[in-house]
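Each remark here refers to the structure printed beneath this line.
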Amino acid sequence: WYTGSASWMYRVGLEWILGLRREGDRLRIRPCVPGDWPGYKIHYRYGKTLYQIDVVNGKGGGTLSVELDGAAREQDYIHLTDDGGEHTVGFRL
């Protein structure tokens with residue numbers, strides 16, 4: 001039971017507190033972090049591709065903007081691709 005408890009705590013922290021959710025080939029960030037957290041970084045590997053995710057807490061509530069490799073996105077998610085490269089992702093709350 002101990003191993004199961006550790007994996008559930010990891011999942012709660014990653015999915016419900018930091019808000020990292022993968023839905024097929026989409027990645028969303030919907031965090032539930034304290035207002036005094038300035039933000040956090042996640043290094044996420046999808047196949048051979050590395051996504052360097054920077055979440056900035058602007059204390060404004062929900063997701064306000066999403067950027068992929070410096071380009072603004074209209075959606076509140078990014079599409080994951082296994083192209084073997086490195087991508088930067090910015091979520092500003």
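The values are calculated or read from the model by the stated rules, or taken from the named source; none is laboratory data. Remember, predicted model here, so these are calculated numbers, not experimental data. Here the Cβ positions follow ideal geometry from the backbone for every residue, glycine too, while neighbour counts run over all protein chains shown. Side chains included, ligands, DNA and RNA excluded: accessible areas come from the protein's heavy atoms. Shrake-Rupley method; radii C 1.70, N 1.55, O 1.52, S 1.80 Å.
Which of the listed residues, 56, 29, 5, is farthest toward the dipole's positive end in the chain, when Lys, Arg count +1 and Asp, Glu count -1 at the beta-carbon?
About the Cα centre, the residue reaching furthest to the positive side is 5.
At 1.4 Å probe radius, can you tell me the per residue accessible area of the chain in Å²? Display every interim value, and only then the final one.
Values: 6180 Å² over 93 residues.
Dividing the accessible area of the chain by its residue count gives 66 Å².
Would you work out the charge dipole size for the chain about its Cα centre, treating the Cβ of every Lys and Arg as +1 and the Cβ of every Asp and Glu as -1, and quote it to the nearest 20 debye? Could the numbers behind the result be given before it?
Working: 12 positive and 12 negative charges, 61 e Å.
The calculation lands at about 300 debye.
Based on DSSP, what percent of beta bridges with both residues in the chain are antiparallel, to the nearest 5?
On the way: 22 of 29 bridges.
Around 75 percent of the beta bridges assigned by DSSP in the chain are antiparallel ones.
List the residues whose amide H sits under 5 Å from the amide H of residue 80, counting only those 5 or more places along or on another chain, with H placed 1.01 Å from N in the peptide plane.
Here the answer is 26, 27, since their amide H atoms fall under 5 Å of that of residue 80.
Considering only protein heavy atoms and a probe of 1.4 Å, how much of the accessible area of the chain is carbon and sulfur, as a whole percent?
Numbers: 3380 of 6180 Å².
C and S atoms contribute 55 percent here.
Based on DSSP H runs of at least 4 residues, each adding -39500 (n - 2.57), what is the mean residue ellipticity at 222 nm of the chain after dividing by all its residues, to the nearest 500 deg cm²/dmol?
Calculated from helices alone, the mean residue ellipticity at 222 nm is -3000 deg cm²/dmol.
Collect residues whose amide H, placed 1.01 Å from N in the peptide plane, falls under 5 Å from the amide H of residue 65; neighbours closer than 5 in sequence don't count.
92
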